[in-house]
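Each value in this text was obtained by applying a stated rule to the coordinates, not by laboratory testing. Keep in mind that this is a model prediction, so the values were computed, not measured. Ideal geometry is used to build each Cβ from the backbone, glycine not excepted, and the neighbour counts take in all protein chains shown.
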C-alpha cells in the first residue's frame with residue numbers, strides 16, 4: 001500500500017481522535033460534542049469552518065490557487081441507539097448509545113485528510129469537507145442539502161466512503177450505478193369488527209385478511225416486476241389482538257421495501273396499495289394504507305466512479321480494488337448524489353481480529369454491539385481522500 005508517509009506519521013493522533021469520538025457517541029441531530037471536536041480541529045489547522053447546516057453539520061473549506069474547480073468529501077458523524085458489549089478502554093461512556101457503524105472512523109479519516117491538505121495545499125481549487133449529522137435514519141444529508149449546502153459551497157462532484165466488515169484491510173470495493181437501495185416503510189391497518197372467538201361469524205376477522213395480504217405482496221416481486229429488477233418487500237411486524245378468546249377489531253402490518261430504482265419503487269407502492277385496499281374490501285373490512293419514502297437509491301456516477309477507482313488502484317493495486325456488489329442496505333448520501341455526480345465506495349474493515357481485549361462476544365459487523373472500527377484504515381482512508389483531491393484538482 002502506498003500510504004502517504006506524513007499521514008502515516010499522524011496515525012496515532014488520528015486513532016486517539018477516533019477513540020475519543022467512539023467513547024462519546026451521539027445520536028442523530030445530537031452530535032454537539034462531535035461537531036465541536038471537528039470544528040476545533042479544523043480551526044486549529046487553519047481551515048475555514050461553517051456550522052449549522054443540517055442543524056449539527058460542520059463544513060470545512062480549503063482553498064488554494066485560482067481554479068474554480070471544487071470537490072466535496074463527506075463523512076457521517078452520528079452513532080446508533082445500541083448498548084455496547086465491548087469493555088475496552090474506549091468503550092461508550094453513554095449507556096444505550098454506540099458507534100456501531102464506524103462513523104467515528106469516517107470522521108477521523110476525513111480529519112486526517114483535512115490536516116494534510118491544509119498543510120501542503122498541493123492542488124488548485126477548493127476542497128469542501130462535509131461532516132454530516134444523522135445518517136442513521138435522520139436524513140442528515142437531505143437536511144444539509146435543504147439548508148443550501150451546494151448553493152453555498154458549489155462542488156463539481158461529491159464522494160463518500162463506508163467501512164465494510166468482511167472486506168480485507170487494504171482493499172476497496174468500487175462500482176458504478178446503483179450500489180445501495182432505497183429505504184421505505186409501510187404501515188397497513190386492517191379494520192374489521194371484533195367478536196367472541198367462539199362466534200367469529202358475528203365479526204369481521206382482520207387476521208386472515210392480513211395473512212392473505214402478506215402472501216399476496218410477494219406476487220408483486222415474482223409476477224409484477226421484471227425478474228431482472230431488484231426489489232424486496234419484507235413484512236417485519238404483524239400486531240393484532242390481546243386475548244385468546246377475542247377476535248380483534250384491527251390488525252396492523254408493518255415492514256420495509258427496498259429497490260435500486262424509483263420506477264420499481266413506484267410499481268411496488270402502487271401494487272401494494274391496490275392489493276391492500278381490494279383485499280380488505282373483498283372481506284368487508286376497511287383499509288388504512290401508509291407508505292413512507294425515506295432514502296432514495298444510492299447511484300454512483302460512472303465518470304466519478306472511474307476517477308476514484310483509478311486513485312484506489314494507484315494506492316493498493318488493481319487486485320485490491322474489487323467490484324462493488326450492490327447491497328439492499330440504504331444510505332442517505334443518496335440525497336447528495338441526486339444533486340451532484342459522485343461516488344460512494346467501501347473500504348475493507350477486516351474480519352474483527354483487530355479488536356482489543358475486552359471486546360464483546362459477537363461478530364465485528366455493522367450495527368452489532370461488539371463492533372469496533374479498525375484504526376489501521378485511518379491512514380489509508382485519509383490517503384485515498386488526499387490522492388483524489390490531488391487528481392481532481394491537479395495543479
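Compute the Kirkwood hydrodynamic radius of the chain, taking the inverse of the mean of 1/r over all pairs of distinct Cα atoms, and give it in Å to one decimal. Across the chain, the inverse of the average 1/r is 22.6 Å. Peptides 128-136, 373-381, 315-323 ranked from most to least packed by the mean count of surrounding Cβ atoms within 10 Å: 128-136, 373-381, 315-323. The long axis of helix 103-120 is offset from the longest Cα principal axis of the chain by roughly 30 degrees. For the stretch 263-395, calculate the relative contact order in percent as a whole number, restricting contacts to Cα pairs under 8 Å that are 6 or more residues apart. Relative contact order for the stretch 263-395 comes out at 21 percent. Using every pair of separate Cα atoms, the Kirkwood estimate puts the hydrodynamic radius of the stretch 235-285 at 13.1 angstrom. Counting only alpha carbon atoms, the long axis of helix 206-219 and the longest principal axis of the chain meet at about 50°.
Stretched out fully, how many nm does the piece from residue 282 to residue 44 gain, at 0.36 nm a residue minus the Cα gap? Can you show the working numbers first?
Details: separation 238, 0.36 × 238 = 85.68 nm, distance 6.74 nm.
Additional length available on full extension: 78.9 nm.
Peptides 363-370, 188-195, 222-229, ordered by how many other C-beta atoms sit within 10 Å of their residues on average, highest first, read 188-195, 363-370, 222-229.
Along its three principal directions, the equivalent ellipsoid of the stretch 219-306 from the Cα gyration tensor extends over semi-axes of 33, 15, 11 Å, largest first.
Equivalent ellipsoid semi-axes for the stretch 43-98, as square roots of 5 times the alpha carbon gyration tensor eigenvalues: give them largest first, rounded to whole Å.
The three semi-axes for the stretch 43-98 are 34, 13, 11 Å.
Distance from a point 7 Å along Cα→Cβ of residue 146 to each backbone N in the stretch 166-210: keep the residues under 19 Å and list them by number. Only 183-185 pass the distance filter. Annotation: extensible slack from residue 226 through residue 66 equals 52.6 nm (criterion: 0.36 nm per residue apart, minus Cα-Cα distance).
Helical content alone sets the calculated 222 nm signal of the chain at -10500 deg cm²/dmol, taking -39,500 (n - 2.57) per DSSP H segment of four or more residues and averaging over every residue. With all projection directions averaged, the alpha carbon convex hull of the stretch 148-294 covers 13.5 nm². Built from the Cα atoms of the stretch 1-150, the convex hull projects on average onto 9.3 nm², one quarter of its surface area.
What Kirkwood hydrodynamic radius, in Å, does the stretch 83-210 give when the mean of 1/r is taken over all pairs of distinct Cα atoms and then inverted? With all distinct Cα pairs of the stretch 83-210 included, I get 20.3 Å.
Ordering 331, 325 from the fewest to the most neighbouring beta carbons within 10 Å gives 325, 331. Note: relative contact order over the chain, using C-alpha pairs below 8 Å and six or more positions apart, is 25 percent. Between the stretch 1-38 and the stretch 319-395, what is the separation of their alpha carbon centroids in Å? If we compute the Cα centre of each part, the gap is 14 Å.
Assuming R0 = 30 Å, can you tell me the calculated FRET efficiency for the pair residue 246 and residue 218, based on Cβ-Cβ distance, to the nearest 0.05? That pair, residue 246 with residue 218, gives E of 0.55. Taking the average, over residues, of other Cβ atoms within 10 Å as the packing measure, peptides 156-165, 117-126 rank 156-165, 117-126 from highest down.
Counting only alpha carbon atoms, the long axis of helix 32-44 and the longest principal axis of the chain meet at about 20°.
Of the three principal axes defined by the Cα atoms of the stretch 138-207, the extents in descending order read 66, 38, 20 Å. Modelled spin labels at residue 16 and residue 83, positioned 7 Å past Cα toward Cβ, are 3.3 nm from each other. Our summary gives the stretch 1-130 a relative contact order of 36 percent, counting only alpha carbon pairs under 8 angstrom and 6 or more residues apart.
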